[in-house]
Amino acid sequence: MSDLRTPFRERAAGALHDRFLKQALDIATTKFLALRRDAFGQFPEGETLRDRARAIKEATLQRLDHHLERLVANVEAQGGHVHYATTPAEARDIVLDIARKSGTRLAVKSKSMATEEIDLNEALEHAGVTPVETDLGEYIIQLAHEKPSHIIAPAIHKTKGQVAELFARELKREVAADAEVLTRIAREELRDKFLKADMGITGANFAVAETGTIVLVTNEGNGRMATSLPRVHVAIMGVEKVVPSMTDLMVFLAILAKSATGQKLSVYTTLVQGPRRPGELEGPDELHLVLLDNGRIRQIAGPLREALYCLRCGACLNVCPVYRQIGGHAYGYTYPGPIGILLTAMLHGEKSVKELAHASTLCGACADACPVRIDISRMLIELRQSGVERRTAPWTERAVFRAFARLLTMPRLYRWATPLARLAQRPFVRGQRIPRLPLFFGQWTKTRDLPAVASRTFSERWKDLRP
Amino acid sequence: MTQSGSTTKAAFFARIRDEMRKTPGLFAATTAPRPPAPRRLAETIRRELSERWPQTLERFRREFERVGGDFHRVATVADVPGLVARIARERGGRRVVTWHPTALGVDLTSGLAAQGLESLTMPAAGGGDGPERTALRDKIAAAEIGLTGADLAIAETGSLVLVSGGGRPRSTALLPPYHVAVFDREALVESLEQAGVFFEAWHEGPAEPGRGAAIHVITGPSRTADIELTLTRGVHGPKEVHAIFVDAPIRG
């Protein structure tokens, strides 16, 4: 995570000067985009399924208490334990308590944004438990002590050369800078951890209420390993991840991977229903489900309700002209990209996104790409509006826009002001444009020109043209 | 049940209900309609497919190969050990772990032995206490080939569905580098939607004895593109998945 004490503007500028990052982002997002387009291109029923998926999300929220009650009852009926966390601190305490009671020393983690959100790894380390990330991308960034830069491709900002150097330094293994070789090394290192681990920690892509099933979607197999081998399984999920039935689940599975990576289905969809059953050789003895609030419940009736539909597929990152330029780290929080701004506001309060709410062109490409058609631009505009209403914008900006708004509502004043503006702009005009403005107005012209006020306005010309 | 967090279930749900009361929601919406009698519907699907399974199989083959799977077809189950032996030999392996005959539908132990393979059959139920289970798991991890059945084969996506349980432990299809799944027309379904009907059916009424706690939908070999988007196979799971379709019903 880049340092939040640095203003977003500077974090973004830093990312823009990182030539490798820009190149990597461009290659990755372009590829994901093409794969997604092809996947839906060959799947005509996809558009209808997206509408159905959106409706299921909304319908589920309308009876969220009922579906969560069913989920809890069914998980418990199968011998699982359910815990309730309002804050990240509570969620961490719950996991630490389970770790203590089960005598856990080593925990393997399957990729989970919810655990990133609650900073679980640090807490585990403090408590003497070693957490090992097992998704290859997450493993790389854990070794590098960094944070994910993309929801589904956490290490896209690293070259294979950098990964080889990292493995040499951290694992004491000299290896070629070759993706296949590096992956094999990671397999060996992590296989050993999987077999020794006491606890498997996962998120949940979905949880099916009617059957009490936790659903994990992975490509590498880390989700299967973490739920099959260790003797304790802890799954941490946001309350909005519940879906009513297996029939509903299939609708989401049909569009999730297509949106994320362009696959028809990810390699492994793992459905777990409680701990190991009698007669079963493998699977955990204990299963714990942690239901996480962390700002979500407040949004059931809040302005960000629609963001609770999010499947965390990452499609909106890949199409976003801002994300594609600056990458995930510059956003500064767990969730980057267009949806990330909304989720940051949800988790950390609206004040945290007073700058980020402007890190969007409002082009709407995110809503087009979103498998459940979340209207991200609408909510970004509302966040900007409430930012102004709460006076979080600088007073100079507010004063200028207030004056401008007045001017626009008074035609007589506007007509008077036009020749004045022409006079005032004279020292700054180059050709028909203003490349640089003084004082705080200079912020505007830092990265673009302002068109000059025309020598004759339209209404002046209209007088001559009118027959 | 332990209640270690400082939020109780009652308080947690009270807050959810408080918020729900404030809004009717964004628009009128319903969830997906569930089949009223999924078991019966699943049987109907199976019956209908028994007439046109060759097309479904062809679609499965195409999609399975597209996701990087190796497809094979044999006439009878007696041909399976020879094929498994060839797959093993070509990859320098000779240790095979297999599902228990009751789970697989057929006993291949002697057939595999006749082919010079060292086979280890999973116990029908349980696996003793902790240390015994660990020892068995280490043997699974040391094998080159995991031989399993498949409960469903989804044509639309080229996926194999494996339900865990007695005689069919989870890691047989996970730890060995080569996974070989044997199935017949009984397992074929056309689409994810049809697979959903079976998922509903499996949960209708009390669980069958011996059924395990996990369902795995497997779509090709384990893969990653996390380093410079280079597609690499066999990260944590198998690097190759072989599907052997048997023309004559396996259970005879």
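The values are calculated or read from the model by the stated rules, or taken from the named source; none is laboratory data. What you see is a predicted model, and the numbers here were worked out from it, not measured in a lab. Positions of Cβ are generated from backbone atoms using ideal geometry, with glycine treated the same way; all protein chains shown enter the neighbour counts.
A residue that is surrounded by fewer than 22 Cβ atoms within 10 Å (Cβ to Cβ), within 11 Å of chain B (Cβ to nearest Cβ) and either closer than 30 Å to A:ARG224 by Cα or within 16 Å of the chain's Cα centre (by Cα) (or both) occurs nowhere in the range A:365-372.
Can you name every one of the helices (runs of 4 or more DSSP H) wholly within the range A:57-148 that holds 1 or more residues which are without any contact (Cβ under 8 Å) to a residue 60 or more places away in the chain and under 27 Å from the mean Cα position of the chain (by Cα)?
Values: elements: A:64-77, A:88-102, A:113-117, A:120-126, A:136-143.
Here the list reads A:64-77, A:88-102, A:120-126, A:136-143.
Kindly indicate whether any position in the range B:39-53 is outside any helix (DSSP H, G or I), modelled with pLDDT of 95 or more, out of contact with any Gly (no Cβ under 8 Å at 6 or more places or on another chain) and more than 12 Å from chain A (Cβ to nearest Cβ). Scanning the range B:39-53 turns up no residue that is outside any helix (DSSP H, G or I), modelled with pLDDT of 95 or more, out of contact with any Gly (no Cβ under 8 Å at 6 or more places or on another chain) and more than 12 Å from chain A (Cβ to nearest Cβ). Say whether the condition of being within 9 Å of chain B (Cβ to nearest Cβ) and either more than 21 Å from B:ARG17 (Cα to Cα) or part of a strand (DSSP E or B) (or both) is met by at least one residue in the range A:291-307. So far as the range A:291-307 goes, yes, one or more of its residues are within 9 Å of chain B (Cβ to nearest Cβ) and either more than 21 Å from B:ARG17 (Cα to Cα) or part of a strand (DSSP E or B) (or both).
Restricting attention to the range A:163-206, report how many residues are more than 10 Å from every other protein chain (Cβ to nearest Cβ) and in contact with a strand residue (DSSP E or B) (Cβ under 8 Å, 6 or more places away or on another chain). Before you say what the answer is, go through the steps one by one.
First, pick out the residues of the range A:163-206 that are more than 10 Å from every other protein chain (Cβ to nearest Cβ): A:165-176, A:185, A:188-189, A:192-193, A:196-206.
Adding the requirement that they be in contact with a strand residue (DSSP E or B) (Cβ under 8 Å, 6 or more places away or on another chain) leaves A:193, A:196-206.
Residues flagged as more than 10 Å from every other protein chain (Cβ to nearest Cβ) and in contact with a strand residue (DSSP E or B) (Cβ under 8 Å, 6 or more places away or on another chain) within the range A:163-206 amount to 12.
Would you kindly identify the helices (runs of 4 or more DSSP H) lying entirely within the range A:399-467 that contain at least 3 residues that are on the phi < 0 side of the Ramachandran plot and in contact (Cβ under 8 Å) with a residue 24 or more places away in the chain? Walk me through it before giving the result.
Working: elements: A:411-425, A:442-445, A:458-465.
In the range A:399-467, the matching helices (runs of 4 or more DSSP H) lie at A:411-425.
Of all the listed residues (B:ALA88, B:ALA28, B:ALA11), the sole one being small (Gly, Ala, Ser), more than 7 Å from chain A (Cβ to nearest Cβ), more than 22 Å from B:GLY196 (Cα to Cα) and not in a helix (DSSP H, G or I) is B:ALA28.
Would you check if there is a residue in the range A:240-261 being of a type in the set (A, V, I, L, M), modelled with pLDDT under 95 and assigned to a helix (DSSP H, G or I)? Lay out the reasoning, then the answer.
Just the residues of the range A:240-261 that are of a type in the set (A, V, I, L, M), to begin with: A:242-243, A:246, A:249-251, A:253-257, A:260.
Applying the additional criterion that residues be modelled with pLDDT under 95 yields A:260.
Still in the running and assigned to a helix (DSSP H, G or I): A:260.
Looking through the range A:240-261, at least one residue is of a type in the set (A, V, I, L, M), modelled with pLDDT under 95 and assigned to a helix (DSSP H, G or I).
Residues in the range B:228-252 that are among the hydrophobic types (A, V, I, L, M, F, W, C), assigned to a loop (DSSP other than H, G, I, E, B) and modelled with pLDDT of 90 or more: B:LEU231, B:VAL235, B:ALA248, B:ILE250. In the set A:ALA85, A:ALA123, only one residue is among the small types (Gly, Ala, Ser), more than 8 Å from every other protein chain (Cβ to nearest Cβ) and touching a helix residue (DSSP H, G or I) at 6+ places or on another chain (Cβ under 8 Å); that residue is A:ALA123. The single condition among (1) within 23 Å of B:GLY212 (Cα to Cα); (2) crowded, with 23+ Cβ neighbours inside 10 Å; (3) in contact (Cβ under 8 Å) with a residue 40 or more places away in the chain that A:PRO244 does not satisfy is (2).
Residue by residue, here is whether (1) under 30 Å from B:GLU90 (Cβ atoms); (2) within 9 Å of chain A (Cβ to nearest Cβ); (3) not in a helix (DSSP H, G or I) holds:
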| residue | (1), (2), (3) |
| --- | --- |
| B:LEU175 | yes, yes, yes |
| B:HIS179 | yes, no, yes |
| B:GLU193 | no, yes, no |
| B:GLY196 | no, yes, no |
| B:PHE199 | no, yes, no |
| B:ALA207 | no, yes, yes |
| B:GLY212 | no, yes, yes |
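The residue list A:LEU64, A:LEU33, A:LEU68, A:LEU4 contains one member that is assigned by TED's automatic domain parsing to the domain that holds A:LYS351 and surrounded by 15 or more Cβ atoms within 10 Å (Cβ to Cβ), which is A:LEU33.
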